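Worksheet: one structure, shown below.
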Amino acid sequence: MTGLLLRDVALPAGRCDVAVRDGRVTAIGVGLEAGGAEVIDGHGAALLPGLHDHHLHLHATAADATSVRCGPPHVRTPDDLARALDAAPGDGWVRGVGYVETVAGLLDAATLDLLHARRPVRLQHRSGAMWVLNSAAATLAALDSADHPGVERDDAGRPTGRVWRADAWLRERLPATGPPPLDAVGADLTRLGITGITDATPDLAPDSLAALIDAHVSGVLPQRVHLLGVPLGGDPENRPATVTTGPYKIVLADSELPDFETLSGTVRRAHARGRPVAVHCVSREALLLFLAVLDEAGALPGDRIEHGALVPPESIGELRGRGLCVVTQPGFLAHRGDDYLERVDTRDLPDLYRCRSLLDGGVPVALSSDAPYGPLDPWAVIAAAANRRAPTGDVVGPQERITAAEALDRYLSPLDDPGGGPRRVKVSAPADLVLLDRSLTDALAEPTVEVVRCTVIRGEIRYRR
C-alpha cells in the first residue's frame, strides 16, 4: 500500500478526511477515496500537527535513563543517597543525576566520599550546571592539575570536587564510550506526539554532532532536528534537510557571568555570521546583562531567551522592543515547585516562569521541556502552564496561568520560529501529525499523554496504539 488516509478526523473547520502521500498532506475533504492508501478511522477525534519541543538535550536525556536517581522523590536523605549509590549496577564509574541540596547539603569530594568512596562517582546537580566528583573520580579526572575555569578550588588551591559548566571537558576525562544511543529517546518522543525538537546543548563536539545526525538519518530519531549547539562556522556538511542549524547557544552561567565586553563580542560574532543567539538566562542578573549587551551590539531577528526563569515586570517591554522570544519551561513548577516555594525569595515568585504576562505584553513564548532536567512529556507541561500547581498542591504564580489551548499552541510553533503562529493541518504541509483518541476540547480539559493514539512523521506512522 502507498500513502495514508486519515478518515473522519476533526480539524478546526469540522470533520473530514486527510490524505497523505510522499511525506505531505495532499488533500482534505469529505469522502476522499482511499485508493491503495492505508486507512485509519479517526472516529471524529482531533488531528493536530505534531508537537515541537523547543528546548531539550538529547544525549543528556539518553544518559539520564541509565543513571542513578539522586534526588526527590526517589532520594530524600543522606542515607537514601548512600543506598542508591551503593546499589548502582556494574563496577566502574557511577553516574548520578537529579541531586538537590535538600538531600545532603552542598556536596564536595569529601562529603561525597562519606556516602560512597569505593567507586568513582560523578553526581550531577538537577539544574545541570554542576557535577560533584568524589575523591576517586577526582583523581581519575586529574582535577588537581586541571586548568579549566569550571574546576572549583578552595582557598588553598585544592579542587573541591565541584565542576561547573564543563560537561564537554569532563567527558574527555571519562572512559571513552561515545555518545549514548538515542533509540529510546526517539521512541519516547514519538509516543508523546513530538515530531520536531530543538537540541539546546551548547558547543556540540564533532562526535556528538555526527551522532545526532546519524541517529536521525538511520531513523532511530525520526523527529525533525533543530540544533543550537552547532559551532560558529561549523555547519555540518551533507546533513539532510530535516536537520537544521538554529541560533547560536550562549550560556550565561550564574556561577560566573561573563563580562560585558566578552558577551558583546560573542553576540557580534554570531550576528556577523547571520546567526541569531539563544541565550541561557535563569537569573535576573543574566537577563539584564544580555539586554544591556543588545543595546550595544544590536538585536537580530530570531534572538531568543532560553528559560527566562526570572523575568522582572519592567523587562517585559524591553523584551518586546527587541523582538525577543522566550522559550520557557513551566513544567518545572510541577516538577519542583515545592522547592521553589521554600527556597525562592517570596518577592521573586511572581517573576518565576512567566507566561501570561509575557503573552499579554506582546512577547512571543514557546514551551519546552529542558529534558532531562524537566519533564519530557509535553502534555504534563501543558497542564503545568494551565494550573501552575506544585507537587504540594500549592499554586505558583496563579496570575501567570494560560489556558491549555494557549499552551498547546506554544508547542505547535515552527522550530525556526518559536512562539510564532501555530502550525495547522493543511494541504501541502509536511505530514507530521498527531491523531488523538478524543476531541480536542476533551483532550485539553485534562491533558495527558494517554490522548495520543497515533503519531505520523513525514508521512510514516511511527507510533500507534
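Say we look at region 281-303 and pick out the residues that are under 30 Å from V344 (Cα atoms) and within 20 Å of the chain's Cα centre (by Cα); which of these is surrounded by the most Cβ atoms within 10 Å (Cβ to Cβ)?
Start the filter on region 281-303 by keeping residues that are under 30 Å from V344 (Cα atoms), which leaves 281-295, 303.
Next, from what is left, pick out any that are within 20 Å of the chain's Cα centre (by Cα): 281-283, 286-287, 303.
Details: C281: 24, V282: 19, S283: 16, A286: 24, L287: 26, D303: 23.
Per the criteria, the residue is L287.
Just to verify a result, which residue in region 195-232, among those that are over 19 Å from L367 (Cα atoms) and among the hydroxyl-bearing types (S, T, Y), is surrounded by the most Cβ atoms within 10 Å (Cβ to Cβ)?
Ranking the qualifying residues of region 195-232, first place goes to S208.
Go through the residues of region 170-181 one by one and say whether even a single one is among the small types (G, A, S) and in contact with a strand residue (DSSP E or B) (Cβ under 9 Å, 6 or more places away or on another chain).
no
Just checking: which of the strands (runs of 3 or more DSSP E) contained wholly in region 419-465 hold 1 or more residues that are open to solvent by 30 Å² or more (accessible area, probe 1.4 Å) and in contact (Cβ under 8 Å) with a residue 24 or more places away in the chain? Give the steps one after another, and end with the answer.
Numbers: elements: 433-436, 452-457, 460-464.
Hits in region 419-465: 452-457, 460-464.
From the set of residues in region 1-19 that are within 15 Å of T441 (Cβ to Cβ) and in contact (Cβ under 8 Å) with a residue 12 or more places away in the chain, which is least open to solvent (accessible area, probe 1.4 Å)? Break it down stepwise before answering.
Initial filter on region 1-19 (within 15 Å of T441 (Cβ to Cβ)): 9-12, 14-15.
Then keep just the ones that are in contact (Cβ under 8 Å) with a residue 12 or more places away in the chain; that gives 9-12, 15.
Working: V9: 0, A10: 26, L11: 27, P12: 128, R15: 146 Å².
Step by step, filter region 1-19, then rank; the result is V9.
Within region 368-386, track down each residue that is touching a Leu at 6+ places or on another chain (Cβ under 9 Å), farther than 19 Å from L47 by Cα and of a type outside the set (S, T, Y).
Across region 368-386, the qualifying residues are D370, A371, P372, G374, L376, V381, A384, A385, A386.
Just to be sure I understand, how many residues within region 136-151 are open to solvent by less than 50 Å² (accessible area, probe 1.4 Å) and outside any loop (DSSP other than H, G, I, E, B)?
5
Could you tell me whether region 356-364 includes any residue that is closer than 23 Å to A166 by Cβ and touching an Asp or Glu at 6+ places or on another chain (Cβ under 9 Å)?
No, that holds for no residue.
Only one of these is within 23 Å of G298 (Cβ to Cβ) and either part of a loop (DSSP other than H, G, I, E, B) or open to solvent by less than 10 Å² (accessible area, probe 1.4 Å) (or both): A278, A241, A253. Name it.
A278 is the lone residue from the list that is within 23 Å of G298 (Cβ to Cβ) and either part of a loop (DSSP other than H, G, I, E, B) or open to solvent by less than 10 Å² (accessible area, probe 1.4 Å) (or both).
Given the criteria among the hydroxyl-bearing types (S, T, Y) and either surrounded by fewer than 18 Cβ atoms within 10 Å (Cβ to Cβ) or without any contact (Cβ under 8 Å) to a residue 40 or more places away in the chain (or both), does T346 qualify?
yes
Exactly one of these conditions fails for F260: (1) of a type in the set (F, W, Y); (2) surrounded by fewer than 17 Cβ atoms within 10 Å (Cβ to Cβ); (3) within 24 Å of T61 (Cα to Cα). Give me its number.
The single condition F260 does not satisfy is (3).
What number of residues in region 387-399 are part of a helix (DSSP H, G or I), open to solvent by less than 80 Å² (accessible area, probe 1.4 Å) and more than 13 Å from F332 (Cα to Cα)?
1
Any residue in region 79-108 that is within 11 Å of V121 (Cα to Cα) and in contact (Cβ under 8 Å) with a residue 40 or more places away in the chain sitting within a Cβ distance under 9 Å of a residue that is in a loop (DSSP other than H, G, I, E, B) and open to solvent by 50 Å² or more (accessible area, probe 1.4 Å)? List the pairs, counting only those 6 or more apart or interchain.
Note: pairs meeting the criteria are G92/P175; W93/P175.
Just the residues that are in contact (Cβ under 8 Å) with a residue 40 or more places away in the chain, within 21 Å of A65 (Cβ to Cβ) and of a type outside the set (G, A, S), please, taken from region 196-224.
Matches in region 196-224: I197, T198, D199, T201, L212, L221, P222, Q223.
How many residues, within region 281-298, are within 24 Å of L56 (Cα to Cα) and either among the small types (G, A, S) or in a strand (DSSP E or B) (or both)?
3
Enumerate the helices (runs of 4 or more DSSP H) found wholly within region 71-135, keeping only those where 3 or more residues are closer than 21 Å to H335 by Cα, open to solvent by 30 Å² or more (accessible area, probe 1.4 Å) and not aromatic (F, W, Y). Give the steps one after another, and end with the answer.
Details: elements: 78-86, 101-104, 109-115.
Those helices (runs of 4 or more DSSP H) span 101-104.
The values are calculated or read from the model by the stated rules, or taken from the named source; none is laboratory data. Remember, predicted model here, so these are calculated numbers, not experimental data. A quick note on method: Cβ atoms are made from the backbone with ideal geometry, for glycine too, and the neighbour counts reach across all protein chains shown. Note: accessible area is taken over every heavy atom of the protein model, side chains too, but ligands, DNA and RNA are not part of it. Shrake-Rupley method; radii C 1.70, N 1.55, O 1.52, S 1.80 Å.
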